[in-house]
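We did not get these values from a lab; they are worked out from the coordinates using the rules stated. It should be emphasised that the depicted structure is a prediction, and the values quoted were computed from it without experimental measurement. Don't worry about glycine lacking a Cβ; one is built from the backbone with ideal geometry, like all the others, and counts go over all protein chains shown.
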């Protein structure tokens, strides 16, 4: 009798252990499939990724993995240019799995869908939602930066500058700060606030002396000084811009403005020299 009870206990323990091991193996298998899908989406194999996700969502997988699968299917639809389907998947994550870490990803990507579709008002709603509800999210700096672009697209330039400046203040050590600083200066120049643009550009060149926009910044700074009729500093910065070895679209215009600046200063010989350079550059 005792042996029988003992054998039953051993059988129950083994059955539980086997079931637990099978469950763990299944979880590992699903995780492997989801990791494969992530890479497939990143590499542009969206049809393959969608097929895998459809298969996984027909299985009895954990809530955590269901949330991730729906999120990834939303990403697939985003990449394939199917905004309504993408938003539907992201909404499933937000509504059914709001306790999942995928929720913040879904909120951000809904904003991205709206931005891509040119619905900047709705994009702002979701960027704001992410910033408010997930202040520690890795997406927050990108959301603030994207908010600035939303305001720029909506023609609300003062708000755009404010948001670009916020990126520079809060995330000064990131690549986003470099981009935001230049965009802030470009907007200030575009709205004829040349003095503020000069201050931002000089700070930009001081903080980020080596970056892909450095010669654009010199050109823009030269243009601001030109508009402010500070011709010496205009010429100085246009010349710095011309040190670029790239085929910049503003090169002929920079030479023309140097010529005009010299003309305004009564330096006819130098003016004529740069008018000729500008003409030759335009012909090329």
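Extension gain, residue 228-residue 265: 0.36 nm per intervening residue step, less the Cα-Cα distance, totals 11.9 nm. Using the Cα gyration tensor of the stretch 73-175, with a ≥ b ≥ c the square roots of its eigenvalues, what is the shape: rounded (a/c below 1.5), prolate (a/b larger than b/c) or oblate (neither)? Judged from the Cα gyration tensor, the stretch 73-175 comes out oblate (a/c at least 1.5, b/c at or above a/b).
So, in Å, what gap is there between the alpha-carbon centers of the stretch 248-281 and the stretch 31-106? Between the Cα centre of the stretch 248-281 and that of the stretch 31-106, the gap is 56 Å.
For the pair residue 276 and residue 247 in one chain, pulling the backbone fully straight at 0.36 nm per residue adds 8.6 nm over the alpha carbon distance.
Going by the alpha-carbon gyration tensor, a ≥ b ≥ c the square roots of its eigenvalues, is the chain rounded (a/c under 1.5) or, if a/c is not under 1.5, prolate (a/b greater than b/c) versus oblate? Judged from the Cα gyration tensor, the chain comes out prolate (a/c at least 1.5, a/b above b/c).
Going by the alpha-carbon gyration tensor, a ≥ b ≥ c the square roots of its eigenvalues, is the stretch 22-101 rounded (a/c under 1.5) or, if a/c is not under 1.5, prolate (a/b greater than b/c) versus oblate? In terms of gyration-tensor shape, oblate. Its Cα gyration tensor gives the stretch 229-284 an equivalent ellipsoid, and the semi-axes of that ellipsoid, as √(5λ) in whole Å with the largest first, are 18, 14, 7. Counting every other Cβ atom within 10 Å of each residue's Cβ, 282, 181, 137 order from fewest to most as 282, 137, 181.
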